[in-house]
Amino acid sequence: MPYFRSMDNPDTHELYDNFQRYGVPQLREFLRKRGLPVSGRKDELVALAYAASLMKLSLVATAAEKSADREQQYAATLMVDGERLPDPFIDLKSCWEDENTSISKWPPTMITDVQLYLQRHETDVESANLSKRLLKDYKEGKAFSYFSSQFLFEIFYHPISTNSPYCFLKTKCTPSQRISHEPHNVWVAINKESGEIKSSYCTCVAGLGRICNHVAAVLLKLDFCWKYGIVVKSKTSLP
Ligand SMILES: [Zn+2]
């Protein structure tokens with residue numbers, strides 16, 4: 001079987017003759033990897049593969065590859081300071097405390113923590129824009145619009161374990177302007193003592209490895225409740 005150096009390397013291209021020597025299954029594989037149709041006569045497949053090679057079409061991920069990639073990225077969000085946290089959706093089934101019971105235990109996350117967390121995630125234009133908009137809204141006193149009860153559901157607290165330095169907050173958030181739609185599931189991992197935000201995740205398209213409006217809603221609510229003494233008041237009103 002001839003060896004095709006361009007099979008997985010979109011930067012080089014093959015001679016037309018090389019593609020003709022290729023078998024139909026290999027041609028289909030070459031085309032599939034570039035997201036092109038794989039049906040047709042062999043000469044059509046050869047022509048298409050050759051054209052793709054000339055155009056240096058880049059490889060596209062299959063649905064399975066994309067899902068494996070997402071799984072890997074999700075696993076990375078659970079790695080905090082070299083420790084793998086339990087998955088709040090799968091591993092932590094019980095012991096979630098409702099908002100009324102647990103607000104007094106909320107970590108002291110303030111806007112400076114949010115700012116630092118945003119900066120850490122400013123890896124692309126979209127994230128940088130979200131960061132800018134969020135801080136502008138905050139300065140203009142519009143933070144509440146992110147976590148109004150219309151969008152943000154009750155926040156549940158999980159201590160992970162008594163020894164864990166981290167806790168989880170999880171909630172559901174409706175996509176803004178589309179209140180009738182299925183809400184997104186959000187979690188945030190935070191250092192219990194310092195309030196430092198360690199990781200976050202949301203089931204919306206933007207919520208993996210990035211900060212989205214829904215994660216921002218939880219964080220801004222934390223800042224709000226600390227800033228206006230709501231957490232402290234809940235603490236002192238406890239028996
Ligand atoms: Zn989201």
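The values are calculated or read from the model by the stated rules, or taken from the named source; none is laboratory data. No experiment lies behind these values; they were computed from the predicted model shown. Neighbour counts are summed over all protein chains in view; Cβ atoms, including those assigned to glycine, are modelled from backbone coordinates with ideal geometry.
Is region 120-138 home to any residue that is crowded, with 17+ Cβ neighbours inside 10 Å, among the hydroxyl-bearing types (Ser, Thr, Tyr), under 17 Å from the mean Cα position of the chain (by Cα) and not assigned by TED's automatic domain parsing to the domain that holds Val215?
No, the conditions are met nowhere in region 120-138.
If you check Thr109, Thr162, Thr171, which single one turns out to be among the hydroxyl-bearing types (Ser, Thr, Tyr), under 22 Å from the mean Cα position of the chain (by Cα) and closer than 18 Å to Val80 by Cβ? Before the answer, list the steps.
Values: Thr162 fails: under 22 Å from the mean Cα position of the chain (by Cα); Thr171 fails: closer than 18 Å to Val80 by Cβ.
Within the list Thr109, Thr162, Thr171, the selection yields Thr109.
If Val46 satisfies every condition in (1) at pLDDT below 90; (2) buried (at least 16 other Cβ atoms within 10 Å of the Cβ) but one, which is the exception?
All conditions are met except number (1).
So, in region 81-116, of the ones that are touching a residue at least 24 places away in the same chain (Cβ under 8 Å) and in contact with a Leu (Cβ under 7 Å, 6 or more places away or on another chain), which residue ends up farthest from Val215 (Cα to Cα)?
Here the answer is Ser104.
I'd like the full set of residues that are in a loop (DSSP other than H, G, I, E, B), under 28 Å from Glu83 (Cα atoms) and either in contact with an Asp or Glu (Cβ under 7 Å, 6 or more places away or on another chain) or not polar (S, T, N, Q) (or both), limited to region 199-232.
If we filter region 199-232 for residues that are in a loop (DSSP other than H, G, I, E, B), which is where we start, we get 203-212, 228-229.
Keeping just the survivors that are under 28 Å from Glu83 (Cα atoms) gives 203-212.
Within region 199-232, Cys204, Val205, Ala206, Gly207, Leu208, Gly209, Arg210, Ile211, Cys212 meet the criteria.
Scan region 12-55 residue by residue and report those that are among the hydroxyl-bearing types (Ser, Thr, Tyr) and in contact with a Lys or Arg (Cβ under 8 Å, 6 or more places away or on another chain). Break it down stepwise before answering.
Start the filter on region 12-55 by keeping residues that are among the hydroxyl-bearing types (Ser, Thr, Tyr), which leaves 12, 16, 22, 39, 50, 53.
Correct list: Thr12 only.
If Glu193 satisfies every condition in (1) within 12 Å of the ligand (Cβ to nearest atom); (2) surrounded by fewer than 20 Cβ atoms within 10 Å (Cβ to Cβ) but one, which is the exception?
With respect to (1) within 12 Å of the ligand (Cβ to nearest atom); (2) surrounded by fewer than 20 Cβ atoms within 10 Å (Cβ to Cβ), Glu193 is out only on (1).
Would you check which residues across region 57-73 are surrounded by 12 or more Cβ atoms within 10 Å (Cβ to Cβ) and among the acidic types (Asp, Glu) and list them?
Scanning region 57-73 gives Glu65, Asp69.
Evaluate the following for Ile160: is it within 16 Å of the ligand (Cβ to nearest atom) and β-branched (Val, Ile, Thr)? Outline the logic, then answer.
Values: within 16 Å of the ligand (Cβ to nearest atom): no; β-branched (Val, Ile, Thr): yes.
Answer is no for this residue.
Those residues that are in a helix (DSSP H, G or I) and either surrounded by 15 or more Cβ atoms within 10 Å (Cβ to Cβ) or in the same structural domain as Leu220 (by TED's automatic domain parsing) (or both), I need them from region 74-92; list them, please. Talk me through it step by step, then tell me what you get.
Going residue by residue through region 74-92, those that are in a helix (DSSP H, G or I) are 74-77.
Matches in region 74-92: Thr77 only.
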